[in-house]
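The values are calculated or read from the model by the stated rules, or taken from the named source; none is laboratory data. Predicted model, so just to flag it, every value in this text is computed and none were measured. Virtual Cβ from ideal backbone geometry, glycine too; neighbours counted across all protein chains shown. SASA here: full protein model, heavy atoms, side chains in, ligands and nucleic acids out. Shrake-Rupley method; radii C 1.70, N 1.55, O 1.52, S 1.80 Å.
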Amino acid sequence: AEKAGIVDFIGDEAAILADIRKLITVLPANNEEDMSYEECTDDLNRVCSDLANCAADAALALSRISDGNFFMEVKSAFAPSMVTGFIRLNGNTVGCVANRSVSYDENGEKAAEYDAVLTADGCKKAAEFVSFCDAFNIPLLTLVNVKGYKACKCTERRIAKNAGRLTYAFANASVPKVTVVVGEAYGTAYLTMNSKSIGADVVYAWPNATIGMMDASAAAKIMYADEIAKADDSVALINEKAAAYREMQSSALAAAKRGYVDDIIEACDTRKRVIAA
């Protein structure tokens, strides 16, 4: 489960049988006949007031917006910084891919932290999941909070091919594809995570989302290198230029003006807006 990513669930006999029963109700019978629909008793316009606080742990965020807080994560032990799983929206099964930077245990205590970056294993896991959902006509929802790629020898050996496979999987999928930018969305890492550029049908962003080529401070250091070198207070100048760059280039509003985002939505309204999409 941890190393190869072949095992989806781990548990004793009773837990595994329960997961199988749950999985059968979630998955369609085949790619043409969808028998997975379940009557929705949850309010379609339910406001998720605490959703903004769940952005770091995508599993929590997905469970909040799902009908009856249902979320079934698959391959949770493999590349845990990438979340894949199933939720229900208005009774329909939806496949979810999301970035996770923090995970919490059953007691609400922080269990682990991860960098908000794509890894080779995470891309492999997500690409296989997207292809599975596309094969069975399951719509896709993507929550984005990513700023680049993991920089280590193991990942750099494989990241180009695996990120390419994930990009292709999203671009090739013919099912409805909705993306919500809940945090950072930088460079080609964001493009890989089902951006508008590769065919997402609807892209939403939370008001505090940042969307652009790179972090504003890093961009300011490159663009104004000469001024910074001569400045008496370089830190203050970097902060000033970064704030201006953030407003003009990488804010959610700037992305919406350029057509990269269809609408800016409040975090608490995510459930009803995603269902509508």
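Can you list the lysines whose alpha carbon sits under 21 Å from that of Lys110, skipping same-chain ones fewer than 8 residues off? Qualifying lysines at Cα under 21 Å: Lys75.
An oblate overall shape is assigned to region 145-277, the ratio a/c of its alpha-carbon gyration tensor axes (a ≥ b ≥ c) being 1.5 or greater and a/b not exceeding b/c. Measuring against 20 Å, Cα to Cα, the residue pairs Lys125/Lys177; Lys150/Lys221; Lys196/Lys241; Lys124/Lys150; Lys221/Lys241; Lys124/Lys161 contain Lys150/Lys221; Lys196/Lys241 as the ones spanning a longer distance.
Summing Lys and Arg as +1 and Asp and Glu as -1 over all other residues whose Cβ lies under 13 Å from the Cβ of Leu62 gives a net charge of +1. Rounded to the nearest 500, the 222 nm mean residue ellipticity of the chain from helices alone is -11000 deg cm²/dmol, with -39,500 (n - 2.57) taken per DSSP H run of at least 4 residues. Label point of Ala52 set 7 angstrom out along Cα-Cβ; within region 203-223, amide nitrogens under 19 Å from it belong to 204-211. Counting only protein heavy atoms and a 1.4 Å probe, region 28-134 has 43 square angstrom of accessible area per residue. Classification of region 187-226 by its C-alpha gyration tensor yields a prolate form. The axis ratio a/c (a ≥ b ≥ c) is 1.5 or more, and a/b outweighs b/c. A 1.4 Å probe, protein heavy atoms only, puts the accessible area of Leu60 near 60 Å². At an R0 of 35 angstrom, the distance between the Cβ atoms of Ser197 and Glu39 translates into a FRET efficiency of 0.40. Working note: Cα gyration tensor of the chain, eigenvalues times five, square-rooted, sorted largest first, giving semi-axes of 34, 21, 18 Å.
The separation of region 232-271 from region 141-216, counted between C-alpha centres, amounts to 17 Å. Is region 21-179 best put as rounded, prolate or oblate by its Cα gyration tensor, with a ≥ b ≥ c the root eigenvalues, rounded for a/c under 1.5, and otherwise prolate when a/b is larger than b/c, oblate when not? Since a/c reaches 1.5 but b/c is at least a/b, the shape of region 21-179 is classed as oblate.
Computed over protein heavy atoms with a 1.4 Å probe, the carbon and sulfur contribution to the accessible area of the chain reaches 51%. Length gained on full extension, Lys161 to Glu266: 34.3 nm, using 0.36 nm per residue less the C-alpha separation. Quick check: net charge around Ala127, other residues with Cβ under 13 Å of its Cβ, Lys/Arg +1 and Asp/Glu -1? Residues near Ala127 contribute +3 overall.
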